[in-house]
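Just so it is clear, none of the values below were taken in a lab; they were calculated from the coordinates. Everything numeric here is computed off the predicted structure, so don't read it as measured data. So basically every Cβ, Gly included, is an ideal-geometry build from the backbone, and we count neighbours across all protein chains shown.
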């Protein structure tokens, strides 16, 4: 056990979760979100059983607002597949585990989905969260297909969850990862456009899309790969459609 009292097994499914801490935490977050007049649309589209929520990753951990509202409305837990870096930060990792963050491993996602839980994944990870302003409302997922394979293994529908407004809060430029490599830093280094990370006031909104059903994986590797690519394109397309509707709405109001 580490100096902050964190046991490594706490990052596994169900182990570090504390219902009383999670309820208090999400209650406070949802209360703050209501004061900000933050909207979460489409919660009624969530399946009653297991589901894998797939979200775009903007600054920080803005998606916690959507998780809090889902928790308040449905009384269900939303587990998050966290990056391995979470478990290197003393103090933060204890809270993360207590409110439902687990290490993003196939074993953890299978354990959660097999119990009909809601699981949230952010395929873009830190790279998408720190993308430059030129890539606003674009998904930076690289070659990641693990979340699709997890959904297929567990017959869990994929549910798009779009974060709107969060990409506009900070103006970042350049490649944070290339910059850290040049400086030999162990972490990505974002650079604000004007030197200081001055946030723009934006109203955040989240939209839960229509669930995308998946079938059981085929025994044929070629057929399985085709289905994986098709499902990922469907999720990407659903998110981009929501982004485009939001941007078109802004353009209409700007006229």
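Could you bin all the Cα-Cα distances of the stretch 1-147 into 10 Å bins starting at 0 and give me the percent of pairs in each, rounded to whole numbers?
11, 39, 39, 11, 0
Divide by every residue of the chain the summed helix terms, -39500 (n - 2.57) for each DSSP H run of at least 4, and state the resulting mean residue ellipticity at 222 nm, rounded to the nearest 500 deg cm²/dmol.
-12000 deg cm²/dmol, from helical runs alone.
Stokes-Einstein diffusion coefficient for the stretch 70-222 at 37 °C in a medium of 0.692 mPa s, Rh from the Kirkwood formula over Cα pairs: what value in µm²/s?
185 µm²/s
What is the calculated FRET efficiency for residue 191 to residue 241, with r their C-beta to C-beta distance and R₀ = 30 Å, to the nearest 0.05?
So, using R0 = 30 Å, E works out to roughly 0.45.
Need one number: nm distance between label points at residue 226 and residue 44, each 7 Å from Cα along Cα→Cβ, rounded to one decimal.
For residue 226 paired with residue 44, the spin-label model returns 3.8 nm.
Find how much the distance from residue 219 to residue 74 grows on full extension, using 0.36 nm per residue of separation minus their present alpha carbon separation; answer in nm with one decimal.
Working it through step by step, the gained length comes to 48.6 nm.
Given labels modelled 7 Å from the Cα in the Cβ direction, how far is it in nm from residue 178 to residue 32?
The answer from the label model is 3.4 nm.
If you take semi-axes √(5λ) of the Cα gyration tensor in Å from the coordinates, which of [x] 31, 24, 18; [y] 26, 24, 21; [z] 26, 23, 18 do you get?
[y]
Highest first, please rank the peptides 130-142, 161-173 by the mean number of other Cβ atoms sitting within 10 Å of their residues.
Per-residue mean Cβ counts within 10 Å order the peptides as 161-173, 130-142.
How far apart, in nanometres, would the label points at residue 23 and residue 252 be if each is projected 7 angstrom from Cα along the Cα-to-Cβ direction?
Result for the modelled spin labels: 4.2 nm.
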